[in-house]
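What follows is calculated from the coordinates using simple rules that are stated; it is not laboratory data. Here the structure is a predicted model, which is why all the values come from computation and not from measurement. Glycine gets a Cβ as well: all are built from the backbone with ideal geometry, and neighbour counts include every protein chain shown.
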Amino acid sequence: MAADLNEKVERYERLLREALAKADISPIENSHMRTVAEDYKNMARSYYEDGIHFIKSEDPVNALICFSYGHAWLDAGARLGVFDVDDDVLFTI
């Protein structure tokens, strides 16, 4: 079971890291939707950083939760249209 959990943590960490790199903010500067996009991306980035903290603390369950939540913020932003994405493997588009 631990091997499966550790593999999932590694996979979800990689997926979130790649998604963060590809989620380009699309709304124009100084618009309300730009603020929404920045908030979504900041939440995803914060969850990523928390996940890394939990890996270092040897808490893979909370790391996996963080990586999953972080990716959910990016997916929601992609569906809302505040991120310019074209990868249907990393995002639900």
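Computed FRET efficiency, Cβ-Cβ of Arg11 and His32, R0 25 Å: what is it to the nearest 0.05? FRET efficiency, Arg11 to His32: 0.10. For Asn62, the shell of other residues with beta-carbons less than 14 Å away shows a net charge of -3, using +1 for Lys and Arg and -1 for Asp and Glu.
Distance from the Cα centroid of segment 47-67 to that of segment 2-42 is 15 Å (rounded to whole angstrom).
Among the GluC sites (Glu not before Pro) in segment 13-77, those located in a DSSP loop and surrounded by at most 10 other Cβ atoms within 10 Å of their own Cβ are Glu29, Glu58. The charge dipole of the chain, taken about its Cα centre with unit charges on the Cβ of Lys, Arg, Asp and Glu (plus for the first two, minus for the last two), comes to roughly 100 debye. Our helix-only sum for the chain, with -39,500 (n - 2.57) per DSSP H run of n ≥ 4 divided by its residues, gives a mean residue ellipticity at 222 nm of -25000 deg cm²/dmol. Shape descriptor for segment 1-46: Rg over Rh equals 1.20 (Cα atoms; Rh from the Kirkwood inverse mean 1/r).
The rule of thumb for compact globular proteins, 2.2 N^0.38 Å, goes into the C-alpha radius of gyration of the chain 1.12 times. Every Cα-Cα pair in segment 45-90 was counted, and those over 17 Å apart are 39% of them. Of all lysines in the structure, those lying under 19 Å Cα to Cα from Lys56, and not within fewer than 8 positions of it along the same chain, are Lys8.
For the pair Asn42 and Leu80, the difference between a 0.36 nm per residue extended length and the Cα-Cα distance amounts to 12.1 nm.
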